[in-house]
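Throughout, read-outs are computed from the coordinates displayed, never taken from laboratory work. Just so you know, these numbers come straight off a predicted model, no measurement behind them. As a convention, Cβ positions derive from the backbone with ideal geometry for all residues, glycine included, and neighbour counts pool all protein chains shown.
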Amino acid sequence: MCGIVGYVGPQQAAPILLDGLKMLEYRGYDSAGVVVLDNGGLSVTKKEGKLEVLEDRLAGAMPRGQVGIGHTRWATHGRPSDLNAHPHTDCHEDIAVVHNGIIENFQPLREWLQDQGHEFRSETDTEVLSHLIEQFYQGDLLAAVQEAVHRLEGSYAFAVVARQEPRRVVAVRKDSPLVVGLGKGENFLASDIPALLSHTRETMIMEDGEIAVLTDDGVQVYSTGGQPVEKQVFHVEWDLASAEKAGYPHFMLKEIHEQPRALRDTLARRVRGDGAVFLGEVKLTPEQIKAINKVAIVACGTAFHAGLVGKQVLERLVRLPVEADIASEFRYRDPLLDETTLVVVISQSGETADTLAALRLAKNRGARVVAVTNVVGSSVSREADDVVYTLAGPEIAVASTKAYVTQVEAMYLLAAMLGQARGAISPAEAAEITAALKRLPDQVQEVLSHAPVVERWAESLVDKEDTFFIGRGLDWAVAQEGSLKLKEISYIHAEAYAAGELKHGTLALITEGVPVIALATQPDLYDKMLSNIKEVKARDAYVTAVTLTGNTEIAKAVDEVIYLPATNPLVAPVLAVVPLQLLAYYAAVKRGCDVDKPRNLAKSVTVE
Ligand code: AGP
């Protein structure tokens, strides 16, 4: 979802900017551009399409200059085109801006600027920034940016350069991520840490309302009011290799195979010798835990599906009412929240706009907010009261896989911890769950070893238009994730249904050969699932069941069976999702889809 990079230093800026933009490709984009301060002027190059198109355009004519900013754009206001691509300049091409997010009041600003004589070239909201800064520019770019920011509404991050100040990049953050990288005699700017790692591990994470001025010698950060801000330097521990493909053809496959490691890391040091869960990051006192009356889980997409598992697990282990909401619904439905509500927000990136807005709403209403997130220093992690980090490592593929299983694992840990503290489960019950969690990494590894079987299964889906995922209870939650995975990367239409609901309408769509993926891992619902499978088989659907080892009778009722290692049914979702991830992956590869960057989608959805 748009990416910003910037550079000031002794090296040629253009190659550094292009390399940085490559590291931000995972965010999704449809055009790209760079501006370099070049021989007393601004050299702007921007092209619709992938970065290669921009590189081809620059080949042989790389602009020379040591200061610049760059951008990958994901279209919101105005279609993808060369003209709408960033950077955008002012009337005299003295000032250039790259921008993430949305300027909500761009229309009145544009009209006002046009009245002042400014001429616009693009359809974007971003272009008001370059003209607005031009309007206030009187020889000091920082002062002009500060003036401009006071007039902006919306959520954004942007970077600016000016011809008259050739050794300065000014950058602003409000609701969209921006990180400064600190070098020796050079400094960097990026929307995300991977774009900085080949240059430096010393970073400053910008907060909302901050303005940074990058020069060769240093970086000074100011508040919107113009006061200098003392920033902490954040040392990044993980390296670039962990953000690269390590020999796999796609990031998604690599990340699917990293799940055993991700699960192990997320569990490490959180289970005591007696099997009790210890979440040191959650600072709730026993009294505060006992005072909770309701839990509300809020997230988007795959993270929401992890929340659906979390809802059922929390209800069983904590015996409290639990709601699970999609963040974009939650924030507008005037939810009933107060200081006795525990709100759990789940977000891999920690930057999803709707999830962040839901978090802020919950805090405004006095609720305690626990965040489950994968990104240290993300907005969600900084604004929540407590954070349970998933230790999945950087997830680059748009399709979330290792983040999902670790989010689900974090929900078990949170549920077991709260259940213990409220006396809703005994120490023995908690130990039984943590023992099952400890077995999961090896069991996921075992499921992964059956990838060739799933690859053959995917063959049968390649030319299908519609598929159905059915399940009950926890299996229905997993069915929803399986369905999302398949549709987002293979573009095969997929629907998830609570199996008992089929006969209330959807059964009309089940005809000969329609693929149905039936999840049947829950013993108390097993017989009911068998009946539902018979309903779809009676309409000649092609049924593949995913079930636990030992459930042999299901084989007679379906066309194919994928067996999972026997486990405590409560944690079965972590195993059951793995063949569904692989199925989506192989179906997408066989259909020639862009697996890691599916059409129309972005990794980090930082606009509403
Ligand atoms: C699913 O594969 C997607 N990547 C998407 O649904 C994602 O889970 C959603 O956008 C939420 O992202 P977050 O976890 O970073 O908040």
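Take the Cβ atoms of residue 601 and residue 291, set R0 to 41 Å, and the FRET efficiency comes out at 0.50. Here's how it looks for residue 297: its modeled amide H is under 5 Å from those of 323, 324, 325, 344, which are all 5 or more places away or on a different chain.
Of 54, 356, the sequence from fewest to most neighbouring Cβ atoms within 10 angstrom is 54, 356.
Given their separation in residues at 0.36 nm each and the Cα-Cα distance between them, residue 442 and residue 227 gain 72.1 nm when the chain is fully extended. Remark: the chain carries a charge dipole of roughly 1320 debye about the Cα centre, counting +1 on each Lys and Arg Cβ and -1 on each Asp and Glu Cβ.
Listed values for segment 592-603 are Karplus-derived 3J(HN,Hα) couplings in whole Hz (6.51 cos²θ - 1.76 cosθ + 1.60, θ = phi - 60°), namely x, 7, 7, 4, 7, 10, x, 4, 6, 10, 10, 5, and x replaces Gly and Pro. Here the label points at residue 143 and residue 531, each 7 Å from Cα along the C-beta direction, are separated by 7.8 nm in the simple model.
Tell me, how many Å apart are the Cα centres for segment 196-223 and for segment 69-116? When both Cα centres are located, 23 Å separates them. Rounded to the nearest Hz, the phi-derived 3J(HN,Hα) couplings of segment 11-17 under the Karplus curve 6.51 cos²θ - 1.76 cosθ + 1.60 (θ = phi - 60°) are 8, 5, 6, 4, x, 5, 5, where x marks glycine and proline.
Listing 484, 509, 583 from fewest to most neighbouring C-beta atoms within 10 Å gives 509, 484, 583. Summing Lys and Arg as +1 and Asp and Glu as -1 over all other residues whose Cβ lies under 12 Å from the Cβ of residue 489 gives a net charge of +3. Arranged from fewest to most other beta-carbon atoms within 10 Å of their beta carbon, 46, 283 become 283, 46. With 0.36 nm allotted per residue and the present C-alpha distance subtracted, the residue 462-residue 83 stretch has 132.7 nm of extension available. FRET efficiency for the pair residue 340 and residue 429, taken as 1/(1 + (r/R0)^6) with r the Cβ-Cβ distance and R0 = 25 Å, rounds to 0.50. Relative contact order for the chain: 12 percent, from Cα pairs under 8 Å spaced at least 6 residues apart, divided by residue count. For the pair residue 104 and residue 57 in one chain, pulling the backbone fully straight at 0.36 nm per residue adds 13.7 nm over the alpha carbon distance.
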